[in-house]
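K.L.:
Let me begin by handing over the structure; questions about it come next.
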Amino acid sequence: MPNSASRLCCIVYVSLASTRYSRVQLAAFGVEFAGFNARLDVTGALFHMRGRFLQVLEGRCDVLEALMTRIRNDARHFAVRVLTRDRIDQRAFTEWSMGLMDLQALREDGEYLLSDLFRFSRMLEHLDEEDEPERQALQMVHSLPQLMDAYRIA
């Protein structure tokens, strides 16, 4: 049986952007995070919508805890709030060291066609207002890996 540090975990958090980021900046973040996460064997996805981030991270529990310390100290965002921190049996984002989706850009480009993606972005916009944000975040995360393949920008 693996020790607790080597078990897989999933952390989902939300935060607020410290400034308005362009698509080019967001894409650069995606490349930066993908390289860093690949070295740590961390998978996941980062979503952006109107200055709000939601990130899903999957990896060894001890690695994710150390990564969260780094994330909390990153000046590119603030008000980091963990919605879920759970042990998992397998990864949902097996192919992605960090997929990035700028949901606002998809809406502006007129590519915003899938009702599930629309619901996801609406939930992200209003996550703090919901009575059960943790439950909603989990529902969003578990429904997204296949949907994101068509809309990933980095």
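Just so you know, all these numbers are worked out from the coordinates, no wet-lab data involved. Remember, predicted model here, so these are calculated numbers, not experimental data. As a convention, Cβ positions derive from the backbone with ideal geometry for all residues, glycine included, and neighbour counts pool all protein chains shown.
K.L.:
Restrict the search to the range 1-97; then list the GluC sites (Glu not before Pro) that DSSP places in a loop and that have at most 10 other Cβ atoms within 10 Å of their Cβ.
P.N.:
Glu95
K.L.:
Still on this structure, please answer the following. Each residue of the range 15-21 in turn: what ³J(HN,Hα) in whole Hz from Karplus with 6.51, -1.76, 1.60 and θ = phi - 60°, glycine and Pro shown as x?
P.N.:
For the range 15-21, the Karplus-derived couplings read 7, 10, 5, 7, 7, 7, 9 Hz, x marking Gly and Pro.
K.L.:
Give me the base-10 log of I(q)/I(0) for the range 16-94 at each q in 0.10 Å⁻¹, Debye formula, one uniform scatterer per Cα, rounded to two decimals.
P.N.:
Those come out to -0.23, one per q.
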